[in-house]
1. Which one is nearest to E30 (Cα to Cα) among residues in region 91-102 that are free of Cβ contacts under 8 Å to residues at least 40 places away in the same chain and of a type in the set (G, A, S)?
2. Is it the case that some residue within region 48-70 is of a type in the set (G, A, S) and within 23 Å of M1 (Cα to Cα)?
3. Taking the residues in region 1-35 that are small (G, A, S) and either surrounded by 12 or more Cβ atoms within 10 Å (Cβ to Cβ) or more than 24 Å from K84 (Cβ to Cβ) (or both) as candidates, determine which candidate is modelled with the lowest pLDDT.
4. Which of the helices (runs of 4 or more DSSP H) found entirely inside region 36-90 contain at least 2 residues meeting this: in contact (Cβ under 8 Å) with a residue 24 or more places away in the chain and open to solvent by less than 20 Å² (accessible area, probe 1.4 Å)?
Amino acid sequence: MGTVRVEIWAWPRIPKVKLEEAKGRIIFQEEIGSGISALDLFNRMALDRKDFREFIFDKESQSCNFHVSVIINEKIATASELSKTYLKNGDRIVIIPLAGGG
């Protein structure tokens with residue numbers, strides 16, 4: 001058993017999104033077992049966390065929503081890489097909402 005650090009960075013102001021209540025970022029630890037992929041962890045977090053399921057990860061399509069980037073240990077992870085990225089104790093996952101405008 002081990003843990004990974006998950007950070008969700010500042011969320012844009014979206015009505016009814018509890019994630020916006022955090023100043024700067026939300027940081028928490030998730031327990032992992034041997035052989036768990038990032039995709040496995042995201043599926044589990046989507047079951048346990050309503051905001052994660054609604055705004056970050058879609059269990060049906062098995063991918064992150066279009067408006068977020070996922071960085072695992074300082075490397076951007078594409079949707080297809082989530083299932084191939086096996087986590088180990090001490091890994092760091094950062095989820096950053098994308099912003100647009102001009």
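1. G100
2. no
3. Keep residues of region 1-35 that are small (G, A, S), which gives 2, 10, 22, 24, 33-35.
In the following step, the residues that additionally are either surrounded by 12 or more Cβ atoms within 10 Å (Cβ to Cβ) or more than 24 Å from K84 (Cβ to Cβ) (or both) were identified as 2, 10, 22, 24.
Working: G2: 97, A10: 68, A22: 51, G24: 69.
By that ranking, first place goes to A22.
4. Numbers: elements: 38-48, 50-55, 79-82.
So the answer is 38-48.
The values are calculated or read from the model by the stated rules, or taken from the named source; none is laboratory data. This is a predicted model, so every value here is computed, not measured. No Cβ is skipped: glycine too gets one built from the backbone with ideal geometry, and neighbour counts run over all protein chains shown. Side chains included, ligands, DNA and RNA excluded: accessible areas come from the protein's heavy atoms. Shrake-Rupley method; radii C 1.70, N 1.55, O 1.52, S 1.80 Å.
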